[in-house]
Amino acid sequence: MTPRPAALALSAVALLAATACTAADASTSDPDRHGPPHKPHPTAEPEPEPVSVVTLAEGETDMPYTITSDEDRTFVYRKITVQPGAAGGWHTHDGEELAVIVSGTLTRFDADCEPRVYEAGDALVEPADPEDVHMGANLGDEPLVLYVVDTLPEGGSSAVPAENPGCPDLPG
């Protein structure tokens, strides 16, 4: 069988590369030779997958919700960590907020002062409503971690501070 020109060219390149590496190795192993020290060839990294997907958090909710907008929105993705005993303060939202509890326990208080408890794997949607005053607290023994997406109108804030709506036993 007669070798093809492309195969000959690749063979020649491989031979030249092998010769160059052998010569470089020989030059660094002989203390009487001068020249830059030989650096080993880096190990090739595996090629990344063309598309990869990692689910960061997943949760379920039975709360009814609606998200609509006739204007541009900015989506803000956040990871919130609340240490045991800490609370976020009373607030409202300029845009809807979608949250998934990753770990720990969230105790959420509305203006009715009643606690609602959410645990890892739960999700909730907080409306864009200046009348929906609420506060979240970590009353547990471990840090509370939430992944949150805020859908903010132009100039909107993730949390708008609000007064305590009349819950005397709660801070703020």
Ranking of PHE109, PHE75 by count of other Cβ atoms within 10 Å, fewest first: PHE75, PHE109
Coarse-grained scattering of region 73-161 at q = 0.11, 0.12, 0.22, 0.23 Å⁻¹, given as base-10 log I(q)/I(0) from a Debye sum over alpha-carbon atoms: -0.27, -0.32, -1.10, -1.19
Spin-label model distance (nm) - ALA159 vs GLU131, 7 Å beyond Cα toward Cβ: 2.4 nm
Neighbour-count ranking [beta-carbon atoms within 10 angstrom, fewest first] of MET135, MET63: MET63, MET135
Sorted by Cβ density within 10 Å, fewest first, the residues CYS167, CYS113: CYS113, CYS167
Net charge over other residues, Cβ less than 9 angstrom from the Cβ of LEU98 (K, R count +1; D, E count -1): -4
Gain on full stretching of the segment that runs from ILE67 to VAL149 - 0.36 nm per residue minus C-alpha separation: 28.3 nm
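No value in this document is a laboratory result; all are computed from the given coordinates. Just so it is clear, the model here is predicted, and its values are computed rather than measured. Every residue, glycine among them, receives a Cβ derived from its backbone with ideal geometry; neighbour counts consider all protein chains shown.
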